[in-house]
Structures are given as structure tokens and as C-alpha cells.
Amino acid sequence: VCGVNDNSSSAIGAGSIGEAEPVACMGNSGHMAFHLKSKKSDMPHTMCAIPSAMKDTYLFWGDLGNNSKVLDSCLKTLLCSSDTWNTESVPPEIYQRADQIAATVAPGSGGLLFLPWFNGSISPGQDEYLRGSFINLSHRTSRAELMRAVFEGLAMNWRWLRGHAEKLAGRPFKYWRLTGGGALSDVWAQTMADVVGIPMHRQDNPRIHNVLGMGFLAFNRLGKLDLNDVPGMIKFDRVFEPDPQHVPVYDTLYERWSEAREKMRPVFHALNKS
């Protein structure tokens, strides 16, 4: 029995045993994981296949670098702060409140765009100088729209990753397994399905996928578990299907979001390189 990194344990703990079965791990950083039979790499897009915890396989590595930690920062420093501007403390049910307020806003957040790179970008395009921003604010912009735009902007980054990951895998993805703490948000999970454009199968109790993966691997090494039996042991509590009415909205919004990323890139470089 030996140690593994969280990428390896998260894939196995979510039941991704077969080839090119993607898992979107919605943790602080956010990464995609799936297994491949051969070593591949796409270094211009900061993606590669690393040695896997499973024999004779490689593990796809694609780390966004910005995911649930960005949501935390937006909630605790921008929308619900405990500083002198708001004397009330940050409520313990902050994530449930985020879902409630975002659910009141129509897809597209009134044309508001959110760029999520608080910590630079890693996959599918490394750029340490990219940063976050809201674009297209007006006097009519509400906090509810700001909240929904955060979910949408984070999902846009996953969509950006999808195309490059499918190209490296050599096949289109029919669905993603969704796991990690961020998957607990129904609004975010549905937004992922609508923006990325494929079903999201949410793992039951998604916070424990890494623990499950470590346990499965340990029992496998002790000769007490065949890893091929793991997919049948994983439970999913809900499948989020893309809403046909929302997909066209997000197709258009994604084009604007991608344009904004490239138009803002030289500005972010000028501000942050020094």
C-alpha cells in the first residue's frame, strides 16, 4: 500500500475506472480526471496524462486552478462580508443562501459576465497574470445577478476545458461525473449541465470521493477488492440534464465570455506583470 495524489483517488472514488470516463471534481481548485491506456500530453494547454494508481493506465491531469475557492472569495469578501460595511457576521448557511438568490435570476444574469481567474489560469491555458472581474455592470445590476454570474463564469471555464480534454482523449464525452463540495449546489450543478452542454451525474455525498478512492485502492492492494467492481459501488443522487431553453443562451454568452478573456488579457498582463 502506498500513497497517491488527490487526482488519482478522486477519479477512482467517483467510479471512473474505464477509459476516458471524465470526473469533474468541484473542489477549491477544480480539476478533471479520467484514465487513459497510453501516455498523452498537450503542454500548450497545460494538460497531460500522468502515471495512474491503476496498473497499466495513465491519469488525465487538467487543473483549472480556480473553482470553489473563487466562490468562497466572492461570497465572503464581495457579497456577504463581516467588515464595517456589514456588521452582521457571515451566516453559516451561506452556500444555501447563494443557491436561493441565484435561483431567482434568469440564465445569462442580465448580460453580466464573470471572469473567474482570481489565481491566474492553469488548464486549458496557463497564464499566471489573468485575474477575475465582472463585466457589463449597470445601475440595474442586482446582487442576485452577481451571484448567478459567478456560477455561470465558473461553469464557462469548465466548458473551455471540455473541448481540449475531448481532443486529447480522442472522443466526445457523453456525460461527466460531478463530485466535490461544489457539486452540492443544485444551481451550480444545473448551470454546469446547461453551460457545458452535457448531462452531469452528481455523486451522492460528493465530499467523500477522495476518501472512497483511497479506501478502494488500499483494499485492492490488499487483495480484497477488484477495482472493476468499484463503478457498481458508487451511488449518484441526481442527473442534471441540459435545459434546451437555456443552452442557446449560454452558447451566445460563452462566445462573449471567450472574447472578454482575450480582450482583457493584455490589460491583466499590464497590471500584474510588475
query: So in the chain, what percent of DSSP beta bridges are antiparallel if you round to the nearest 5?
result: 75
message: Need one word for segment 35-78: rounded, prolate or oblate. Basis is the Cα gyration tensor (sqrt eigenvalues a ≥ b ≥ c); a/c below 1.5 gives rounded, then a/b vs b/c decides.
response: oblate
message: Which log10 I(q)/I(0) values does segment 1-63 give at q = 0.19, 0.26, 0.30 Å⁻¹ under the Debye formula, counting every alpha carbon as one identical point scatterer?
response: -0.63, -1.15, -1.42
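Please get the size of the charge dipole for the chain, origin at its Cα centre, with Cβ charges of +1 on Lys and Arg and -1 on Asp and Glu, quoted in debye to the nearest 20.
Numbers: 28 positive and 28 negative charges, 92 e Å.
So the dipole magnitude of the chain works out to roughly 440 debye.
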field: Derived scalar couplings ³J(HN,Hα) [segment 42-53; Karplus, 6.51 cos²θ - 1.76 cosθ + 1.60; whole Hz; x for Gly, Pro]
entry: 9, 5, x, 10, 6, 9, 7, 10, 9, x, 9, 6
task: Using DSSP to define loop residues, name the GluC sites (Glu not before Pro) in segment 143-217 whose beta-carbon has at most 10 other beta-carbon atoms within 10 Å.
output: none
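When ligands, DNA and RNA are left out and all protein chains stay put, how many square angstrom of accessible area per residue does the chain have with a 1.4 Å probe? Provide the component values of the computation, followed by the final result.
On the way: 13140 Å² over 274 residues.
So the chain comes to 48 Å² accessible per residue, rounded to a whole number.
Over the chain, what is the mean sequence separation of C-alpha contacts under 8 Å (at least six apart), divided by residue count, expressed as relative contact order in percent? Mind showing how you got there, number by number?
On the way: 506 pairs, mean separation 61.2, N = 274.
Taking the mean separation of contacting Cα pairs over the length of the chain, I get 22 percent.
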- line: Checking segment 134-238 for trypsin sites (Lys or Arg not before Pro) in a loop per DSSP with at most 10 other beta-carbon atoms within 10 Å yields Arg140, Lys174, Lys224, Lys235
task: Whole Å is fine, so just give me how far the alpha carbon centre of segment 230-246 lies from that of segment 117-138.
output: 29
task: Mind grabbing the accessible area of Met214 for me, 1.4 Å probe, Å², rounded to tens?
output: 100
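Only loop residues by DSSP count here, and only those with at most 12 other Cβ atoms within 10 Å; note down the trypsin sites (Lys or Arg not before Pro) in segment 1-83 that meet that. Numbers along the way, then the final one.
Working: sites: Lys37, Lys39, Lys40, Lys55, Lys69, Lys76; in loops: Lys37, Lys39, Lys40, Lys55.
Filter output for segment 1-83: Lys37, Lys39, Lys55.
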message: If you take every residue apart from Ser185 with its C-beta less than 14 Å away from the C-beta of Ser185, what net charge results, scoring Lys and Arg +1 and Asp and Glu -1?
response: -2
statement: Once all protein chains are kept in place, Leu79 shows an accessible area at probe 1.4 Å, nearest 10 Å², of 30
query: Using modelled amide H (1.01 Å from N, peptide plane; none on Pro or chain starts), what sits under 5 Å from the amide H of Asp127, excluding residues fewer than 5 places away?
result: Ser121, Ile122
task: Return the sequence-ordered ³J(HN,Hα) values of segment 65-76 in whole Hz as given by the Karplus equation 6.51 cos²θ - 1.76 cosθ + 1.60 applied to θ = phi - 60°, using x for Gly and Pro.
output: x, 8, 8, 5, 5, 5, 4, 4, 4, 5, 5, 8
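The values are calculated or read from the model by the stated rules, or taken from the named source; none is laboratory data. Note that this is a predicted model, so its numbers are computed, not measured. Positions of Cβ are backbone-derived with ideal geometry, glycine not excepted, and every protein chain shown enters the neighbour counts. Note: areas computed on protein heavy atoms with side chains; ligands, DNA, RNA excluded. Shrake-Rupley method; radii C 1.70, N 1.55, O 1.52, S 1.80 Å.
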